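Beneath this line is the structure, given in structure tokens, with notes to follow.
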Amino acid sequence: MFRVYCNGKLLHDGNLESLRITNAKVELELGKTGLFNFTIYPDHPYYDEIYLMLSMVSVTRRGEPLFNGRVLKITYGFHNEKIVSCEGELAFLLDTIVEPLAYYGSFAEYLEYLLTIHNAQVDSTKQFKPGDFSAADYYPFEVVTNSYVRTLDEIEEKIIGQSGCYLQTRTVDGVRYLDVLSYDVNTSNISNQSITYGKNLIDIQREVDGSEVFSSIYPLGDEVDGARVGIASVNNWKSYITNEEAVAKYGLIHKIVEFNGIKDPQQLKTAAQNFMRDNYLELTSTEIAVADISPTDTSLDTFTPGQWVNVYSKHHFTESPTTLLVRKMTIDINNHKNTRIEVGRIKRGFTENIAAATNKQ
């Protein structure tokens, strides 16, 4: 099911004894670079062909890309085994620098401009083509910087931090694309492999954290004529917007959110509404240990971050199924039963459909 390649050479195939690596785990998370760690011993035919920062490593699952990246760190063990750590291809955007600039345009146009800057500083193996930017293309903004910053840092601060979206890379026909996606954009993408109590649900830990809960935001734009732009003039003279469902459950809890590069009140209100829509539900974190059945049943989907999954467990949730977004997962390519996934969004409603396990029998 899994294959690992290093600079195009087959490094691991579970069906070939001569091409095996051990302790091989892929860690994937929405919007993060991703990690791949493995151990390789001196008797492996390609033991000497793994180089720091230069070696490109890829992992496929059912022939489809699962991880692409480069070797970041090599540690040598007692038996001269190499313990190799790889970072995902999103980290290529840390290799380039954005110089001081002044720019006016939409989020999507600015991101495309940043990719042009990045691509000019690296070779073809580290370049990106603009992908789907529609989730972050809903208003124009202005950027004026006087500092030198890494490209990924600029994208995360100016675009991701304000849009409430996340970055995702994908490879199609050998071409690497960068997408900006909303957490709710693929709510219809539900895995046909469910997680069921008493079947493939091994363990579950849930956390509800109220420290970041809010039901209202005061959006602030750039400074104009000595004052920060607000939304009162286009919002019935209220300087904040609320989510009534959140207010009903938690009361009125205000949060200040800054939107750099926006000087128009209506554009600021649109940005604030999108931020509220995409962020106010960030209330729960649920880590699930699951036996992934897909390696033995090819009719079932594999679990993937950004995909929704139905969880059947009245022992833990009052609704069955509860549909959850896969935000993070760890895949043990040597033993699929050790797969762990973390879900952080509930598709319908708030956290009231999470039941305390101690109160359910």
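Within 12 Å, Cβ to Cβ, of Tyr103, how many net charges do the neighbouring residues add up to if Lys/Arg are +1 and Asp/Glu are -1? That works out to -4.
Highest mobility in the GNM of the chain, judged by mean-square fluctuation with C-alpha springs under 10 Å and restricted to Glu207, Glu89, Glu109, is found for Glu207.
What net charge is computed for the residues neighbouring Gly221, neighbours being all others with C-beta under 12 Å from the C-beta of Gly221, Lys and Arg scored +1, Asp and Glu -1? Taking every Cβ under 12 Å from that of Gly221, the sum is -2.
Treating each Cα of region 2-89 as one equal point scatterer and applying the Debye formula with no solvent, the log10 of I(q)/I(0) at q = 0.20 Å⁻¹ comes out as -0.89.
With the convex hull drawn around the C-alpha atoms of region 216-279, the volume per residue stands at 79 Å³.
In this simple spin-label model, placing a label point 7 Å from the Cα along the Cα-to-Cβ direction at both Ser299 and Leu101 gives a separation of 5.1 nm.
The Cβ shell under 12 Å around Ser58 holds other residues with a net charge of +3, Lys and Arg each +1, Asp and Glu each -1. With a simple spin-label model that places each label point 7 Å from the Cα along the Cα-to-Cβ direction, the separation between Asp225 and Glu319 comes to 4.7 nm.
Simple point charges give the picture: +1 on the Cβ of Lys and Arg, -1 on the Cβ of Asp and Glu, and for region 95-181 a dipole about the Cα centre of about 160 debye.
Stretching Asp123 away from Tyr197 to a fully extended chain increases their span by 21.8 nm, per 0.36 nm per residue minus the current alpha-carbon distance.
Given axes a ≥ b ≥ c from the Cα gyration tensor, I'd like to know whether the chain is rounded (a/c under 1.5), prolate (a/b larger than b/c) or oblate. The shape class here is oblate. Take the Cβ atoms of Ser134 and Tyr47, set R0 to 45 Å, and the FRET efficiency comes out at 0.50. Among Lys158/Lys255; Lys32/Lys314; Lys9/Lys126; Lys269/Lys328; Lys73/Lys126; Lys126/Lys158, which pairs are too far apart, with a Cα-Cα distance over 25 Å? The pairs that break the limit, which is 25 Å between Cα atoms, are Lys32/Lys314; Lys269/Lys328. The value of relative contact order for the chain, using C-alpha pairs under 8 Å at least six residues apart, is 15 percent.
Any read-out appearing in this document is the output of simple, stated calculations on the displayed coordinates, not a laboratory observation. Treat the numbers as computed from the prediction; the structure is a model and nothing was measured. For neighbour counting, all protein chains shown are included, and Cβ atoms are generated from backbone atoms with ideal geometry for every residue, glycine included.
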